[in-house]
1. Kirkwood Rh, the range 5-109, all Cα pairs: how many Å?
2. Can you list the residues of the range 615-656 with backbone N under 18 Å from a point 7 Å past the Cα of THR720, pointing along Cα to Cβ?
3. For LYS334, go through the lysines and keep the ones whose alpha-carbon is under 22 Å away, minus same-chain ones fewer than eight residues off.
4. Tell me whether the chain comes out rounded, prolate or oblate; compute the Cα gyration tensor, take square roots of the eigenvalues as a ≥ b ≥ c, and use a/c under 1.5 as the rounded threshold.
5. How big is the charge dipole of the range 428-519 about its Cα centre, in debye rounded to the nearest 20, if each Lys and Arg gets +1 on its Cβ and each Asp and Glu gets -1 on its Cβ?
6. Once a ≥ b ≥ c are taken as the square roots of the eigenvalues of the Cα gyration tensor of the range 250-348, is the result rounded (a/c under 1.5), prolate (a/b larger than b/c) or oblate (a/b not larger than b/c)?
7. Could you sort ILE516, ILE468, ILE397 by their accessible area in this structure, using a 1.4 Å probe and putting the largest first?
8. So what is log10(I(q)/I(0)) for the range 641-730 at q = 0.21, 0.22 1/Å, when the Debye sum runs over its Cα atoms only?
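The values are calculated or read from the model by the stated rules, or taken from the named source; none is laboratory data. Computed from a predicted model, the values in this text were never measured in an experiment. Cβ sites come from the backbone with ideal geometry, for glycine too, and all protein chains shown count toward neighbours. These accessible areas exclude ligands, DNA and RNA; they are computed on the full protein's heavy atoms, side chains included. Shrake-Rupley method; radii C 1.70, N 1.55, O 1.52, S 1.80 Å.
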Amino acid sequence: MSSPILRVAVPSPLDRIFDYLPPPGCDLSILRPGLRVRVPFGRRHVVGFLLELGTDTTFDRAALRPALAVLDTEAVLPADVLALLRWACGYYHHPPGEVFATALPVLLRQGEPAKSAVPAPLWRITAAGRAMLATESRRAPSQKRLLDYLAHCPDGAEPENLRTVVRDSAAILRALQAKGWAESFDRPTPILSKPIFTPQPSLEPSAAQAAAVATITAELDRFQVFLLEGVTGSGKTEVYLRLIEAVLARGRQALILTPEIGLTPQLLSRFRERLPGPLAVLHSGLSDRERLNAWLLARDGIAQIVVGTRSAVFTPLQAPGILIVDEEHDASFKQQEGFRYHARDLMVIRGRQLGIPVVLGSATPALESSHNAQRARYHLLRLPDRVGGGTKAPIEILDVRRQRMNEGLSRPLLERMRTHLDRNEQVLLFLNRRGFAPILLCHECGWLSQCRHCDARMTLHLRQRRLICHHCGDSRSLDAACPLCGSVDLRALGQGTERLETTLRQEFPETDITRIDRDSTRRRGSLETLLADIHQGGRRILIGTQMLAKGHHFPEVTLVGIVDADQGLHGLDFRSGERMAQLILQVAGRAGRAEKPGVVVIQTHHPDHPLLHILVSEGYPAFAVAALAERQAAWLPPFAYQALLRAEADDPERAIAFLHLARALADSGTERIEILGPAPAPMERRAGRYRAHLLLQAGQRQDLHRFLEDWITQLRAKHTDRQVRWSLDVDPMELF
Ligand code: ADP
Ligand code: ZN
Ligand code: ZN
């Protein structure tokens, strides 16, 4: 009998699976999909992923190389994650090696054992150790340093933390143990057992909450997508909590995706307070070790609840019971480089494969999701009102045409601010642009702060005294004079949050002002400090970018000002109106509380914009209906399916030439596919590279995918210009 062929996903940009023979002398009975194997690849040895066992190969069997070692005895990934990843390779037309690399924690990709995450014992100092510390011995300084550290850890020290205290802490601990100065001991409350649990007093659910919970819990054993649409404060999180309780009671796990863990500490602490089971958190701020541990806790069923950002969609679960996506409209669920997947969409696919419910929650669902609800593919559940009797903040449009503006702020808005501040309340101003001003202009010669590498202007950051490009990160120090003509008449055009802050300090000198954006929160812990100030209450102005729009709640804010809605109304992208509407409502949702409802004021030069009107007078559901009608009339997603072929090169001609080649390959037999381009990207030059694209659009998803399959294969074969880098983006969320 000939040995099986191992079909292996190898970390490489090549879009294929590689065939190997089993390692010599390997016990063939242990081989199964999902194991990691170390294989020779070119001149390197890499960790690959065994996808299939085959009986034959299209290559010469004698030329196949044997794998070097099998790294696991049991599959690292369960069958459902394997199936999800294979589905994603096909759907996004992305090389399997890179897709599998996205799903595995770094340490597993490097070949670390995937052993269950039983925590190592802790270390503490003994009485003899304390006695030794008291003597002024000068010998063995590292031993002393470690003992000294242990003496300050009355509850015992994590071995992992000791590694930062001295070099080679493991050897030193052994030496200390041999001398009887330190000892290891098991954790008093292992994290595997249930932590002490103090359930919050259960809230009496509102009728809408009760209905949503009842509908979903009645369907826990089959696949169905539920769209939970409810304004901020309508009690969506409370619904998640009850659903998770129901799932845990059946001995199953819950996986929850959220946009950014760092910005949603409130969500996590509510989970921790209310839910008894061990919880694993997966986000980009973890060390590789922490990430692997959390991942293993999920895989082995020790963590009953798994909360994570985008890539957590691939977390293996032992007994998955429900999949939840919070803020499902959020753009961060789409990966914008490399393997460009949409985590919300993959959650739906995963739920279908597992036969379990998927809950998508949002105050402002993506139009794609609203559309799926309209045509009954998703089950829509609405929480129409704020719980606890509070009312939604009314939204007003402020027509700023012909108004005298003080650095972007109209008189009426300033007056309203004064009224609220005089009542000792807080005011929040939203402006989605950090820095002082987006352009610096020479009034003498017309010079502009153009970036050397991008088709964009550098933003003026006055406090740092620098010009910074927000697209490529390039920066230079600010000169007092124009680099072209030497004039000192330099003028800052447009508004950023820094400028708003400066203006308001002059306008309201006696008022505390807190600015929250990436610049003001760069240092660790500074966001927490700023938030703590705000929560003390009292007269204060908050200024912020979309960082302010997420997760946090500001009960003392009674007036929200959207400084500039026009940016969003007239963006280049067909999605900019949708994004603006979502942002406005998200910011509005930060404000007020039941007894002190807020009011929202939107400054615009286009008070008659139809979609803005519907949003303000009828709310988001009506906005979604109208915006979807526009999309349908214009044959845009979700009524058409798109893929974007991007190319970039140092030389613009070469990128375009590649796209012409791509188009020529596509032009045969594609009456069901519309091809637009090649065209330069809206920002053609970025970070020194020229970018162009080809947009493909089809009325049927299947037509598009059948076409892409063939076309991408041909492109990979025919594309020879190594100077051109290209990528395919299926369901692109941004067209540049
Ligand atoms: P959302 O997730 O939709 O923003 P939350 O679930 O966070 O809403 O609920 C908003 C606030 O109302 C929270 O402080 C929550 O504790 C409270 N809340 C939720 N449900 C109820 C309820 N049924 N009765 C009273 N208060 C509730
Ligand atoms: Zn000049
Ligand atoms: Zn730049």
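1. When all Cα pairs of the range 5-109 are included, the Kirkwood radius is 13.8 Å.
2. Counting backbone N atoms under 18 Å from the label point, the list is 654-656.
3. Qualifying lysines at Cα under 22 Å: LYS550.
4. Working: a/c = 1.45, a/b = 1.17, b/c = 1.24.
Judged from the Cα gyration tensor, the chain comes out rounded (a/c under 1.5).
5. Dipole size: approximately 260 debye.
6. Details: a/c = 1.42, a/b = 1.36, b/c = 1.05.
Since a/c stays below 1.5, the shape of the range 250-348 is classed as rounded.
7. Sorted descending by solvent-accessible area, the residues read ILE397, ILE468, ILE516.
8. Rounded to two decimals, the profile gives -0.96, -1.04.
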